[in-house]
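The values are calculated or read from the model by the stated rules, or taken from the named source; none is laboratory data. The structure displayed is predicted, hence computed values, not measured ones. Here the Cβ positions follow ideal geometry from the backbone for every residue, glycine too, while neighbour counts run over all protein chains shown.
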Amino acid sequence: MSNEVRNLDLDNKLGEGRYGIVCKGIWCEKSVAVKRIQLIHIASNTQGEEALQGLDHLNVIKLFHAESDANFRYYYLELCNASLEKLFLKDGHKNKYRGTMPPSLTVLYQLAVGLEYIHKMGLVHRDLKPENVLIWQDPRKGNVLLKWADFGLCKPVNERGSYSMSGVRGTFDWLAPEILNLFYDEELSQSESETTSTVKRGTIQSDVFSEGLVFGYFLLDGRHPFGLRHQIHTNILENKPVNLDKIQSQYARDLILKMLKENIADRITSSEVAEFLNKTTIKVKPLTITV
C-alpha cells in the first residue's frame with residue numbers, strides 16, 4: 001500500500017454509511033475525500049468503482065485513485081464542501097452549508113446534464129437522493145458545481161436503457177413507484193411462502209423519477225414532494241405529490257410533473273430534462289473549471 005493511505009485523517013470524518021466512512025485525506029498533495037470500505041462488503045460488487053473510473057463530467061464526482069490494504073478498500077474522491085441536504089439544516093447547526101449557490105434553475109440544469117451523461121455512458125445510478133448530491137465550490141473563483149455521487153448501486157444498461165434486477169436497491173423515500181411496487185410484490189411473495197425467484201428488468205427511467213424528487217426537494221427548501229415521512233410511500237404509489245403546488249416556478253413544476261409520471265412510458269427522459277432546462281430564460285453558460 002502506498003504512503004498516500006497513511007495520509008487518511010480518521011479524526012476528520014466527513015460522513016459515515018452502513019459499510020464505511022468518509023474522511024479527509026491527501027492524494028498527490030491534493031486535499032481529497034477518502035472513502036474507506038471493508039473489503040468483505042465490496043468483494044462481490046465492483047461495478048460502482050468501475051463505473052466511476054470511466055466517468056469524466058463536471059457534474060459527476062471524480063474518482064482519482066483506488067487501492068486496498070489487508071482489510072479495506074480506499075477511494076480517493078473529489079473533495080466537496082457539503083451534500084445537498086446540509087443546505088437545509090437549521091440555522092446554527094454546525095454542519096449547515098452556508099456557502100453560495102447558483103440560481104435554482106441552474107442547479108437543476110447542472111444535475112440534469114450530469115444524469116444525462118451517466119445515462120449516455122450506459123449506466124443507471126439507482127440511488128439518487130439529496131445525500132448523493134455534492135456541492136463543490138471553486139476556492140479560487142467561487143463557482144459552484146452540483147455533482148452526483150455514490151455509485152455503489154449503479155449498473156450497466158443495454159441499448160434500450162434496461163437492466164436485470166433480482167431485488168430492490170436504493171433508498172426507499174427516493175424510489176420510483178415501479179421499484180416500490182416491486183418491493184411490495186416481493187414482500188407479498190415471501191409472506192405467501194413463494195420460493196420462485198424471477199429476474200425482473202429495471203429501466204433508467206426510474207432514475208428520472210428519483211431526480212424529479214431531488215429537484216422538488218431542492219425547490220421546496222428541504223421538504224419531500226410527496227409529503228411527510230409516513231406519507232411518502234403511499235403518496236408515491238397513489239401518484240399524489242402533495243407539496244408540488246408550493247413550488248413558486250410554474251416552469252419548474254411543469255418539468256417535475258413530467259419527471260414524476262406514474263407510467264414509465266409517459267415519463268420524460270434524462271436528455272429531455274436537460275433540453276427542457278436549457279431552454280429556460282436563465283441562460284446557463286458552460287463552465288470551464290480546472291480541478
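Yes/no per residue for (1) surrounded by fewer than 19 Cβ atoms within 10 Å (Cβ to Cβ); (2) closer than 17 Å to Leu277 by Cβ:
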| position | (1), (2) |
| --- | --- |
| Glu50 | yes, no |
| Tyr75 | no, no |
| Gly92 | yes, no |
| Ser104 | yes, yes |
| Gly114 | no, yes |
| Tyr117 | no, yes |
| Arg126 | no, no |
How many of the residues making up segment 167-176 are surrounded by fewer than 20 Cβ atoms within 10 Å (Cβ to Cβ) and assigned to a helix (DSSP H, G or I)?
-> 2
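Listed here are the residues, each with its yes/no results for (1) under 23 Å from Val157 (Cα atoms); (2) at pLDDT 95 or above; (3) in a helix (DSSP H, G or I); (4) outside the structural domain of Glu272 (by TED's automatic domain parsing).
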site	(1), (2), (3), (4)
Asn181	yes, no, yes, no
Gln190	no, no, yes, no
Ser197	yes, no, no, no
Asp221	no, yes, no, no
Members of segment 200-219 that are modelled with pLDDT of 95 or more, in contact with a Lys or Arg (Cβ under 9 Å, 6 or more places away or on another chain) and farther than 19 Å from Leu84 by Cβ | Gln205, Ser206
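Which one is surrounded by the most Cβ atoms within 10 Å (Cβ to Cβ) among residues in segment 142-166 that are in contact with a Lys or Arg (Cβ under 7 Å, 6 or more places away or on another chain) and part of a loop (DSSP other than H, G, I, E, B)?
We begin by selecting, within segment 142-166, every residue in contact with a Lys or Arg (Cβ under 7 Å, 6 or more places away or on another chain); these are 153-155, 162-165.
With the extra rule that they be part of a loop (DSSP other than H, G, I, E, B), the set shrinks to 153-154.
Numbers: Leu153: 17, Cys154: 25.
Top of the filtered list is Cys154.
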Need at least 3 residues that are among the basic types (Lys, Arg) per element, so show me which strands (runs of 3 or more DSSP E) inside segment 7-98 make the cut, counting only ones lying wholly within it.
-> 30-38
Odd one out for Val60, checked against (1) closer than 25 Å to Tyr117 by Cα; (2) in contact with a helix residue (DSSP H, G or I) (Cβ under 6 Å, 6 or more places away or on another chain); (3) at pLDDT below 90 | (3)
When segment 223-242 is examined, which residues are found to be in contact with a Gly (Cβ under 8 Å, 6 or more places away or on another chain) and part of a helix (DSSP H, G or I)?
-> Asn235
For segment 241-251, enumerate the residues that are modelled with pLDDT of 95 or more and either surrounded by 14 or more Cβ atoms within 10 Å (Cβ to Cβ) or not basic (Lys, Arg) (or both).
-> Pro241, Val242, Asn243, Leu244, Asp245, Ile247
